[in-house]
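The values are calculated or read from the model by the stated rules, or taken from the named source; none is laboratory data. What you see is a predicted model, and the numbers here were worked out from it, not measured in a lab. Note: ideal-geometry Cβ built from the backbone for every residue, glycine included; neighbour counts use all protein chains shown. Calculation scope for accessible area: heavy atoms of the full protein, side chains included, ligands and nucleic acids excluded. Shrake-Rupley method; radii C 1.70, N 1.55, O 1.52, S 1.80 Å.
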Amino acid sequence: MNLIEIEEIKEKLNNLIKIIKSNNNIIIEKENVNSQLLEEIYEIIEEYIEFLRMNHQKKLSFYISSKDRKKIKISKIPISISKFSYILNNNINDNIMKKIRGSEITDWLMSKGYLKGDLGVKEITEEGIKIGIFKEYRLGKEGEKYSVNLYNIQAQKFIIDNLGEMCSYIKNKKN
């Protein structure tokens, strides 16, 4: 059972709960229907528990459903990719799912031509600038100048909108 199957089960459970709520006023007449629905809910919960037991040792790949992506709180101020990865990871159950790393997001952005470079600092391409990535220069503790790539609201939205493709890329790269 994969994450998509879990989402389908969750949706089925929500539908069953809605049916039970709509039948709440006529419980006596619909006692058999309600009993059957409750049995189905029980089976779904049992399947989910079994799924969690089977995958206790191995976490699922990072994934956020389309519905849950809409709930992600985007930073109003430009932030680094590592800070943005923390925001994304706050929207998952990390007991059963791997967290996404800023380096994985950066790798995907490089594969798409938004960033370029080798180890260390990544340079922003024209395409990267168009989606809202920019460079800021800062001073370190010893007074040394360094640069950091920042992601504005537009860039954060772009990443969220492309999470499905990014997750597939990351998963395929690891296999």
For segment 85-102 the number of residues that are assigned to a helix (DSSP H, G or I) and touching a helix residue (DSSP H, G or I) at 6+ places or on another chain (Cβ under 9 Å) is 5
List the helices (runs of 4 or more DSSP H) that sit entirely inside segment 111-175 and contain at least 3 residues that are touching a residue at least 40 places away in the same chain (Cβ under 8 Å).
-> 153-161, 163-174
Out of segment 126-140, which residues are surrounded by 17 or more Cβ atoms within 10 Å (Cβ to Cβ) and not hydrophobic (A, V, I, L, M, F, W, C)?
-> Gly128, Gly132
Please verify whether segment 141-152 includes one or more residues that are surrounded by fewer than 17 Cβ atoms within 10 Å (Cβ to Cβ) and within 13 Å of the chain's Cα centre (by Cα).
-> no
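Select from segment 75-93 the residues that are within 13 Å of the chain's Cα centre (by Cα) and open to solvent by 50 Å² or more (accessible area, probe 1.4 Å) and write down the one among them that is nearest to Gln156 (Cα to Cα).
Quick first cut of segment 75-93, residues within 13 Å of the chain's Cα centre (by Cα) only: 84-93.
From the residues that got through so far, the ones that are open to solvent by 50 Å² or more (accessible area, probe 1.4 Å) too are 86, 90-91, 93.
On the way: Tyr86: 12, Asn90: 15, Asn91: 14, Asn93: 21 Å.
Out of the qualifying residues, it is Tyr86.
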Condition check for Ile96: surrounded by 13 or more Cβ atoms within 10 Å (Cβ to Cβ), β-branched (Val, Ile, Thr) and modelled with pLDDT under 95 | yes
Give me a count of the residues in segment 110-124 that are closer than 16 Å to Asn162 by Cβ and not aromatic (Phe, Trp, Tyr).
-> 5
Tyr114 open to solvent by 90 Å² or more (accessible area, probe 1.4 Å) and modelled with pLDDT of 95 or more = no
Identify, from the list Ile105, Ile77, the residue that is β-branched (Val, Ile, Thr), part of a loop (DSSP other than H, G, I, E, B) and at pLDDT 95 or above.
-> Ile77
